[in-house]
Structures are given as C-alpha cells and as structure tokens.
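A.B. asks: Please find one structure pasted underneath; my questions will follow.
The values are calculated or read from the model by the stated rules, or taken from the named source; none is laboratory data. This structure is a prediction, so every number in the text was calculated from the model and none was measured. Virtual Cβ from ideal backbone geometry, glycine too; neighbours counted across all protein chains shown.
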Amino acid sequence: MIAGEIVCNEQIKEICINENRNTITISIENCGDRTVQIGSHYHFYETNYALNFNREPTKGYHLNIAAGMSIRVLAGQKMDVELVEFSGAKNIAGFQGKFVQKAGQKND
C-alpha cells in the first residue's frame, strides 16, 4: 500500500473527496533556499514564510489532497495549489500560533 492510496471495490469507479466544499486556487512561490513540504491538513495561512502568496484568503483552508499526503515546493519553484475549506467545528489552533480562532470569525 502507498501512503494516501485508496483501494476500493472494483464496482466503484471513482471516489470524490471534499465534494461540495469551498475551494480556492492560489499561486505560490518558494523564495527560500530550501525545499518546503506541506502536509494535507496543515493550515495553509501558517505555512513556511519562505512561501510567497497572498495569505489572507487562505485563512481556514488546507491543501485539497488526500489525507496523509503532502506536496514539496522546491527552492525557487512557482506553482498553483488548490485549497479546500476546513470542515467540522473549524477550530484552528496550534501550527505556528499565528491564527488561533474559529475559521470564518473576525478578530475584534
């Protein structure tokens, strides 16, 4: 088995993940001198600051990839990534501590 691999009944043609959830696509660039790796459920707003992108719209979003997977952004590399909104209670805490609140709430 491969990390993130989905093995299912042969009668099932396709499995949809994050169906009917809000998604956004953003362009990012690694301005650092080292590769940056981002896991599937890491709060994208708080990713490594060597990544250059407009962070504000990414509050409450993570990569739209299968659980347990990650992406690597090489030094100097530019790419587009699709993000999906966190579901559930949307309590986002930890990570780098830059955003500790419920996603969608405004700081007063």
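A.B. asks: When you go through 17, 28 one by one, which is the residue that is of a type in the set (A, V, I, L, M, F, W, C), in contact with a Lys or Arg (Cβ under 9 Å, 6 or more places away or on another chain) and not in a helix (DSSP H, G or I)?
C.D. replies: 28
A.B. asks: Let me ask something else. Identify, please: which residue in segment 44-68 is closer than 24 Å to residue 2 by Cα and surrounded by 14 or more Cβ atoms within 10 Å (Cβ to Cβ) and is, among those, farthest from the chain's Cα centre (by Cα)?
C.D. replies: 66
A.B. asks: Check 89, 67 and return the single one that is hydrophobic (A, V, I, L, M, F, W, C), at pLDDT 85 or above and assigned to a loop (DSSP other than H, G, I, E, B).
C.D. replies: 67
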